[in-house]
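Report on the structure given below.
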Amino acid sequence: MQIVDFLSKKAIITNISSTKKEDVIKELVDGLIAAGDIEKRCRNKLIDSLMAREALGSTAIGQGIAIPHAKSDCVEKLVAAFGLSKKGVDFDSLDGELAYIFFLLVAPQDSAGPHLKALARISRLLKDKYFRDTLRNCSDDKAVLKIITQEDEKKV
């Protein structure tokens, strides 16, 4: 499974302006809505699902990374948005650090397999410090997509 298979190319936000966890999630969900991957009527329901997942434990995995995710009947297939914050956001990370890199994942209600594979794939790629640093230095969506595509091709 490659990240480019489920990453919405039109939901890559390289200048997250939000400074709070819930606002970052809203911004990324709005990105998926603007990209046409999620219907606008699902917005609040999806945000509630993502925040309910956060209440179970933060999805900020440390090293400046957060992977908010939820299952929802708002989608028929796995979809992801990508966000980059230059200032960093307090996302209740396990290591106490701010989060700069965000992958927001939404999976269909009944899809355990692809959802878990996507989480594992993203986590594995982001363990690479060079990849994280390169992503953090991207200034536009084309650069982000190029870096992710190159990394996907290396580590199949």
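The values are calculated or read from the model by the stated rules, or taken from the named source; none is laboratory data. A quick note: this is a predicted structure, and the numbers were derived from the prediction, not measured. Cβ sites come from the backbone with ideal geometry, for glycine too, and all protein chains shown count toward neighbours.
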Practice task
Run ALA35 past the list (1) crowded, with 20+ Cβ neighbours inside 10 Å; (2) hydrophobic (A, V, I, L, M, F, W, C); (3) out of contact with any Gly (no Cβ under 7 Å at 6 or more places or on another chain) and report the number of the one that doesn't hold.
Solution key: (1)
Practice task
Might you check whether a residue that is within 26 Å of ALA143 (Cβ to Cβ), at pLDDT below 95 and crowded, with 18+ Cβ neighbours inside 10 Å occurs anywhere in the stretch 97-110?
Solution key: no
Completion exercise
LEU126 vs (1) at pLDDT below 95; (2) more than 21 Å from LEU46 (Cα to Cα); (3) touching a Ser or Thr at 6+ places or on another chain (Cβ under 9 Å); (4) not aromatic (Phe, Trp, Tyr): all pass except (3)
Practice task
Looking at (1) within 13 Å of the chain's Cα centre (by Cα); (2) modelled with pLDDT of 95 or more, find the lone condition where ILE33 falls short.
Solution key: (1)
Fill in the blank from the handout: Residue hits (the stretch 18-44; among the acidic types (Asp, Glu) and either touching a Pro at 6+ places or on another chain (Cβ under 6 Å) or free of Cβ contacts under 8 Å to residues at least 24 places away in the same chain (or both)) are ASP23, ASP30
Practice task
From the list ASP73, ASP133, ASP92, ASP128, pick out the single residue that is surrounded by fewer than 17 Cβ atoms within 10 Å (Cβ to Cβ) and touching a Lys or Arg at 6+ places or on another chain (Cβ under 8 Å).
Solution key: ASP92
